[in-house]
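One structure is given below, encoded as structure tokens.
The values are calculated or read from the model by the stated rules, or taken from the named source; none is laboratory data. These numbers come from a predicted model, not from an experiment. Glycine gets a Cβ as well: all are built from the backbone with ideal geometry, and neighbour counts include every protein chain shown.
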Amino acid sequence: MEALRREVERGRPWYPALLEVVSRWSAADEELNGVRQRYLIGGEAFDWLLLAQRLLAEVEEHLPEAEVERLLIFGLPPDDSSEEDFARAIGGPKHRAHLNFQYGVTIEELLLLAAEIELQKAGRLAGAGQPQPDVMAYERVYGKPLEELQLIYATETDTRLATRMRQTELQAFTYWCSKYRLRTSEPARVASDTKKALALMSRMDAGRGRLANREREPIDVTVPKKKPRVKRKKRAKKRATTKS
């Protein structure tokens, strides 16, 4: 953190300085203000934006708020650098772990969201005694109800889930669900589901990109000048004259 502060105070662009600190970061998790922050899920999936949020909070007074929000909310870098640039900056192992998070957590969340949307469109809304569509989505995706999946998860990982899960606990469970789907589903079904989730991600990314760009556009607050009114001359009516 001190390294990031020094670089930013020296005038170095904050995003490359951030990625350099991320590339050297070694802690898989830490307790911050009484809350456990887990950056590496299952020893394989790297939630780099959570780490970025934690690091940038230490130097936020030196940073442009709009650029930081664009990164943390929309996942868009301030300098429009490419994914290849990002991979080189944080290093191969961390980038592979980042991809594990993208496919094992983000894509899995989108797949569940897509299933929930399908259930809602089909009219499978929660009624008296029925589970909510977001709970029903688990059985649609994994072929087993949520309660049974949680029991299998607890057996395999020796981890019991509370009724109300923290974000890190939910992500760990989601990552396990992605692996469960890969080992229990037919390859064709896995490919189809992944394609569905990627399509939803593409639509959401396009929307986020448009919104982020709109946020960057300056707002014209000038009051347009009124056009001067042009007075029209009244046409004099021609009187008909007769020659005597």
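Every listed requirement among (1) among the aliphatic types (A, V, I, L, M); (2) surrounded by 14 or more Cβ atoms within 10 Å (Cβ to Cβ); (3) within 30 Å of Gly75 (Cα to Cα) is met by Leu182 save one, (2). The set of residues in the stretch 71-93 being in a helix (DSSP H, G or I) and either among the aliphatic types (A, V, I, L, M) or within 14 Å of Leu50 (Cα to Cα) (or both) consists of Leu71, Leu72, Ile73, Phe74, Ala87, Ala89, Ile90.
Could you go through the stretch 26-46 and let me know if any residue there is among the aliphatic types (A, V, I, L, M) and assigned to a helix (DSSP H, G or I). Looking for residues that are among the aliphatic types (A, V, I, L, M) and assigned to a helix (DSSP H, G or I), one finds none in the stretch 26-46, hence no.
Being at pLDDT below 90, under 24 Å from Ala45 (Cα atoms), under 17 Å from the mean Cα position of the chain (by Cα) and not hydroxyl-bearing (Ser, Thr, Tyr) narrows it down to one of Gln102, Gln167, so name that one. Residue meeting the stated conditions: Gln167.
Checking Gln171, Gln167 one by one, the residue that is among the polar types (S, T, N, Q), touching a strand residue (DSSP E or B) at 6+ places or on another chain (Cβ under 6 Å) and at negative phi is Gln171 and no other. With respect to the conditions (1) at pLDDT 90 or above; (2) among the polar types (S, T, N, Q); (3) within 30 Å of Leu72 (Cα to Cα), Thr159 falls short on a single one, namely (1).
Here is a yes/no grid of residues against (1) among the basic types (Lys, Arg); (2) surrounded by fewer than 18 Cβ atoms within 10 Å (Cβ to Cβ); (3) free of Cβ contacts under 8 Å to residues at least 40 places away in the same chain:
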position: Val8; (1), (2), (3): no, no, no
position: Trp14; (1), (2), (3): no, no, no
position: Leu19; (1), (2), (3): no, no, no
position: Val22; (1), (2), (3): no, no, no
position: Ala28; (1), (2), (3): no, yes, yes
position: Asp47; (1), (2), (3): no, no, no
position: Leu51; (1), (2), (3): no, no, yes
position: Glu58; (1), (2), (3): no, yes, no
position: Leu71; (1), (2), (3): no, no, no
